[in-house]
Amino acid sequence: MKKIHIILVSLILLNCSSKKEASDIIHLPLKEVNGFGSFKESFSMLTWNSSEKAEQTTKGIPKDWNEFYVNQIWFDAFQTVYPEFIKKGFDESKFNERYATWIKNPNQRKLSKKSINSYVNIVFRKNNQGIIEYILDTNNDKDFSDEEIRTPLKVDHDLNYSLSAKSAPFVTYELSTNNGVLDKKVKVLILLNANDRLMFSFPQVFETLFLNKKIQVSHGFANVTFDEKSSFIIDGKQEEIGLHELIKIDSSIYKNLGVDINKNALILQRSPKNKELFSTNIGYKAIPFKIKKLNSTDSISLSNYNGKFLYIDFWGTWCAPCLIELPTICDAYEKTARKDIEFLGIAVHDTKEKLENYIKDFSIKYPQVLESESKNLKKKYNIIGFPTTFLIDRRGKIVAKNLKGEKLLDSLNYYIKNYKD
């Protein structure tokens, strides 16, 4: 009888706990707004080559265009590659395993096994006068003959991104969700950078209200699905709150659980009071980790660095911007004292052999580890771009992110000398 009583009490407590957790989840309906909002503009590059698939599926290229390139702009990377993957005889579990390194939104959706308009074709060229022109298949019918020939604006200090986004054409596409394939449209902004490289972006944000505060939500302008990025800004402030990061609103702290495109809603979770919280936000305790040392059975833990600053660099030997930063980081390491600050390089998507070669080639003297020797550290720290850096203070709190470039040493010395725990 006593055992039954204990079981019943346990079930009641578990049920109450589940209800409490559910009540702390808030779904905020989103309204689509064109433009970059309060976010920094972001663009992806188009390569000067042709996609075989785009060439095979398009027609209507002007007959007087003798030299040109046909390419694809992906709205939804997962959906675009999924049908081809399935055609090869692999199942969904294999697909998820293959693309596990891509940051995924925790709010899953059903992908279509049939190829849909999850991308748009673009054809471009440099004409006889040296002017770059392009045609965008805005109605996504794989026919350029009914489309306008456009000339991209060149990026300079005076360029008005908001005005450019406003004049950008809408493109129709299809989005796979748990509610089926939906017909959608989004503006596609094409610009030209200083090196005559075509850049594209999807200038689109989403807005909602919470506790009388306006929240703007961004997918990063590189895709429209929130699979890789899901961040928001409150009341036009500069701080972006990324996936799984925390924000204090009024007297409570909330976690960003991302956007569920099936419900078109931003999901927040109210954090329990009086509980120690870990996050990748500035001002919060860094997420604890344990990772195996290179060429050793021993491990490194975040707690090993208590009492010192720690500069963490998530990078890769395959990443050109990372390699540009390496000499600067090595110089900062040489010109700072180990009693004040330690450095740790975390190589992502790398092998031991490649990492050892680069350690030798760049004369890297600070510790390097392989992210693959951790338990999903890249995912826990929400790393979606490289390099990404964190500066952690003497008590394990993040005080700065993405310190790099020629002022890195000055920035580190400033924190070491002036920052009060």
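Residues in region 386-395 that are open to solvent by 30 Å² or more (accessible area, probe 1.4 Å) and under 26 Å from TYR99 (Cβ atoms): PHE386 alone.
If the condition is being hydrophobic (A, V, I, L, M, F, W, C) and farther than 24 Å from LYS213 by Cα, then region 242-298 contributes PHE278, ALA286, ILE287, PHE289, ILE291, LEU294. For region 383-421, the tally of residues that are within 26 Å of HIS244 (Cβ to Cβ) and in contact with an Asp or Glu (Cβ under 7 Å, 6 or more places away or on another chain) stands at 10. For region 317-328, indicate whether the set of residues that are among the aromatic types (Phe, Trp, Tyr) and either surrounded by 15 or more Cβ atoms within 10 Å (Cβ to Cβ) or free of Cβ contacts under 8 Å to residues at least 24 places away in the same chain (or both) is non-empty. For region 317-328, residues among the aromatic types (Phe, Trp, Tyr) and either surrounded by 15 or more Cβ atoms within 10 Å (Cβ to Cβ) or free of Cβ contacts under 8 Å to residues at least 24 places away in the same chain (or both): absent. Of all residues in region 194-201, one or more are open to solvent by less than 70 Å² (accessible area, probe 1.4 Å), modelled with pLDDT under 95 and of a type outside the set (Ser, Thr, Tyr).
Look at region 24-49: where a residue is closer than 20 Å to TRP74 by Cα and a partner is in a loop (DSSP other than H, G, I, E, B), sitting 6+ places away or on another chain with Cβ atoms under 7 Å, you get ASN34/PRO203; GLY35/PRO203; PHE36/PRO203; SER42/GLY220; SER42/PHE221; SER42/ALA222; SER44/ALA222; MET45/ARG197.
Residues that are open to solvent by less than 10 Å² (accessible area, probe 1.4 Å), of a type outside the set (Phe, Trp, Tyr), at pLDDT 95 or above and not in a strand (DSSP E or B) do occur in region 285-301. Taking the numbered list (1) closer than 25 Å to LEU46 by Cα; (2) crowded, with 16+ Cβ neighbours inside 10 Å in turn, ASN107 passes all entries but (1).
The residue list PHE90, PHE85, PHE95 contains one member that is modelled with pLDDT under 95, touching a helix residue (DSSP H, G or I) at 6+ places or on another chain (Cβ under 6 Å) and more than 24 Å from TYR381 (Cα to Cα), which is PHE85. Looking across region 66-82, not a single residue is exposed (fewer than 14 other Cβ atoms within 10 Å of the Cβ) and closer than 21 Å to LYS166 by Cα. Determine whether region 49-65 contains at least one residue that is within 30 Å of VAL259 (Cα to Cα), open to solvent by less than 50 Å² (accessible area, probe 1.4 Å) and modelled with pLDDT of 95 or more. Looking for residues that are within 30 Å of VAL259 (Cα to Cα), open to solvent by less than 50 Å² (accessible area, probe 1.4 Å) and modelled with pLDDT of 95 or more, one finds none in region 49-65, hence no. For THR336, are the conditions met, namely being at pLDDT 95 or above, out of contact with any helix residue (DSSP H, G or I) (no Cβ under 8 Å at 6 or more places or on another chain), among the hydroxyl-bearing types (Ser, Thr, Tyr) and crowded, with 18+ Cβ neighbours inside 10 Å? When the stated conditions are applied, THR336 does not pass them.
The values are calculated or read from the model by the stated rules, or taken from the named source; none is laboratory data. Keep in mind that what you see is a predicted model, and the values were worked out from it rather than measured. Using ideal geometry, Cβ is built from the backbone for each residue, glycine included, and neighbour counts are taken over all protein chains shown. For the accessible areas, the whole protein counts, side chains as well, though only heavy atoms, and no ligand, DNA or RNA atoms are used. Shrake-Rupley method; radii C 1.70, N 1.55, O 1.52, S 1.80 Å.
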